[in-house]
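Participant: Below you'll find the structure I mean.
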C-alpha cells in the first residue's frame, strides 16, 4: 500500500518538479511520514492488531482533513461514505494542505508563478489526495468483520463490542 501511494505521489510531483523543486522534495517526507508512523505503531513489540481498525480510521480522517471541509467530514458517522471527490466539499486553494515549505515557496515566488500554473498545481494536489483516499477505501478492510471483530483485543473498546463480534472472529 505504501509503495502504491508513493508511486501516485511521485507521478503528481513529476509534472511540477520544475516549478516547485525544493518544496516538493521536502514535502515528500512529510506526506509519507503519515504512513510510516501508523505502520510503525502497528509493528510494535506487543500485539497491536486490536488497534488496527482505529488506526485505519485515524489515517483516513487525517488524509480527508487535508483537502475536505471539516463540516463535511463531521457530518458523516461513517468516514467511508464522505463524498470527498465532490469539488464543493473540498477546501479552497489557500487552505489546501500542501506543506509549509511549498506554501512559503509560493509566497516568496508569487511573481514567478502564473495563476494558470498555480491552478494546475492545486488541481494535481487534489488529484493526489483523492487518489490516496480512493486507494485506502479500496485496499483497507474498513468494514471487514475480522478487523472489526479483533477490536475486542483493544482494552479501550472491549466493553463497547457486542458478544457476536467475538464469535465471528472465533468462527474464522
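Please treat every number below as a calculation from the coordinates, not as lab data. Everything numeric in this text was worked out from a predicted model, so none of it was measured. Please note: Cβ atoms are built from the backbone with ideal geometry, for glycine as well, and neighbour counts cover all protein chains shown.
Participant: Could you identify the single residue in 90, 54, 74 that is in contact with a strand residue (DSSP E or B) (Cβ under 9 Å, 6 or more places away or on another chain) and at negative phi?
Facilitator: Matching residue, one of 90, 54, 74: 90.
Participant: In addition: Determine if the range 105-115 includes at least one residue that is farther than 18 Å from residue 90 by Cα, buried (at least 17 other Cβ atoms within 10 Å of the Cβ) and touching a residue at least 12 places away in the same chain (Cβ under 8 Å). Walk me through how you get there before you give the answer.
Facilitator: Kept after step one, since they are farther than 18 Å from residue 90 by Cα, are these residues of the range 105-115: 105-115.
Checking which are buried (at least 17 other Cβ atoms within 10 Å of the Cβ) leaves us with 105-106.
Then drop every residue that is not touching a residue at least 12 places away in the same chain (Cβ under 8 Å), which leaves 105-106.
Taking every residue of the range 105-115 in turn, at least one turns out to be farther than 18 Å from residue 90 by Cα, buried (at least 17 other Cβ atoms within 10 Å of the Cβ) and touching a residue at least 12 places away in the same chain (Cβ under 8 Å).
Participant: Then there is this: Go through (1) more than 21 Å from residue 134 (Cβ to Cβ); (2) without any contact (Cβ under 8 Å) to a residue 12 or more places away in the chain; (3) surrounded by 11 or more Cβ atoms within 10 Å (Cβ to Cβ) one by one and return the number of the condition residue 92 breaks.
Facilitator: (3)
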